[in-house]
Amino acid sequence: MPEEQIILILFFGALVIAVALTPISKWLAPHVGLIANPRSRDMHTVPVPRMGGVAIFIAVMAGVLLLQNTFEFRQFGAMVFAAALVSFLGLADDRFSLSAYVRLIAQVLAALFVWYAGVRVQMFEALWLDIPLTVIWIVGITNAMNFLDNMDGLLAGICAVICSFFLLLAVMNGQYLVGALAAALLGACIGFLFYNLNPASVFMGDSGSMFLGFLIACVAIKLRFAQAANVSWMVPLVVLGLPVFDTTMVFISRLRRGKNPLTTPGKDHTSHRIAKHGFSNREAVMICYLVCVSLGIIAMLISMLDKISAYVLGAVLSAFALYMLWFMEFGPWKLTSENQTNVSPSSA
């Protein structure tokens, strides 16, 4: 079967399964205690099922299991198996509110598992440097995605944009295994978005956000670029620029205010600061989508540039990110006691 046909099957298959199973997850959620009841820091005012991540998980897994014999399966299977464990951990957290440190330890073990299977960051000749870098990247992106699940449609839409660019980059560079996994993730996210756009009738919960974050981090590691071999690390970092920026800002903000970044839910995310300053929640989500699209286009440009031009563009982008970090944390959009109270609340 041609690789392009496999990618299309995975995309449409995952989309249809997610569309079909999300209503079932909504119906099942109250029966197993997976309901997000409104709290003072939440956006929603009525109980909302938060089991949509199960539909996303099944949609991706169904395609993977169907086509498991199509590709060399060792690394592919390791990524999916580890992501499944992380998703089950998220489901347990949704139901029983696990400790943040238990989640962190489990994520580190899952990252080490995929590293052992060959899914590795390869920036240094020394193995002892690549191992912690792989773990930091996978665990960091997993939690960055979990942090971004704080407005209706935000995380699923951002993941869809990111996976779209990963799919394009993979196909352009002949990496059909990576493209197939990105296509399955893309289809599952779009299918779930039918029910998660504002006003959301279902949340994905930690089971969905951690599953998506883990797999997206692994897909980013597997991307390779023939023309931009010397700056290949920069391309996925730029595509994932918004989650990385948001998590960095949240960590700095909470540490600066004497709060634990992992255990202190906040109203200090990028989306909330946008919504506080003249935009509706829907508009804030759309702005985040547009930022992700812009970063994806820049990443594709970097993948086609020579080394010096790529580094120059990367430096300009980094300078702009630092300016926006100052603007939101120390400048005109810095947190005050007033806007910490009135900002549309976050779940992360």
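Positive-end ranking of Thr142, Met328, Gly53 along the dipole of the chain, with charges on Cβ about the Cα centre, is headed by Met328.
Length available on full extension from Lys259 to Phe113: 0.36 nm per residue minus the Cα-Cα distance, which gives 49.4 nm. Relative to the globular-protein estimate of 2.2 N^0.38 Å, the Cα radius of gyration of the chain stands at 0.94. An oblate overall shape is assigned to segment 224-279, the ratio a/c of its alpha-carbon gyration tensor axes (a ≥ b ≥ c) being 1.5 or greater and a/b not exceeding b/c.
Quick one: if the Förster radius is 30 Å, what FRET efficiency do Arg74 and Phe251 give, using the C-beta to C-beta distance and rounding to 0.05?
The value I calculate is 0.30.
Any idea how far apart Val316 and Glu3 come out in nm if each label point goes 7 Å out from Cα toward Cβ? Modelled inter-label distance: 3.2 nm.
Pairs of Lys residues in segment 190-327 that lie 8 or more places apart, or on two chains, and have C-alpha atoms under 22 angstrom apart add up to 4.
Across the chain, C-alpha contacts under 8 Å between residues 6 or more apart give a mean separation that, scaled by the residue count, equals a relative contact order of 24 percent.
In whole Å, how far is the Cα centre of segment 234-263 from that of segment 283-341? Centre-to-centre (Cα) distance: 12 Å.
The gain in end-to-end length when the Val16 to Val32 segment is fully stretched comes to 3.3 nm, 0.36 nm per residue minus the alpha carbon separation. Available extension along the chain between Trp326 and Leu104 is 77.1 nm, counting 0.36 nm per residue and deducting the alpha carbon span.
Each helix, a run of at least 4 DSSP H residues, gives -39500 (n - 2.57); summed and divided by the residues of the chain, these come to -23500 deg cm²/dmol at 222 nm. Rounded to the nearest 20, the Cβ-based charge dipole of the chain about its Cα centre (Lys and Arg +1, Asp and Glu -1) stands at 660 debye. Listed by Cβ neighbour count within 10 Å, with the fewest neighbours leading, His272, His31, His277 appear as His31, His277, His272. Using the Cβ-Cβ distance between Ser294 and Asn198 with R0 set to 22 Å, the FRET efficiency works out to roughly 0.50.
Taken together, the values in this text are just the output of simple stated rules run on the coordinates, not laboratory data. Nothing here was measured: the structure is a model prediction, and the numbers come from that model. Quick reminder, even Gly has a Cβ in these numbers, built from the backbone with ideal geometry, and neighbours come from all protein chains shown.
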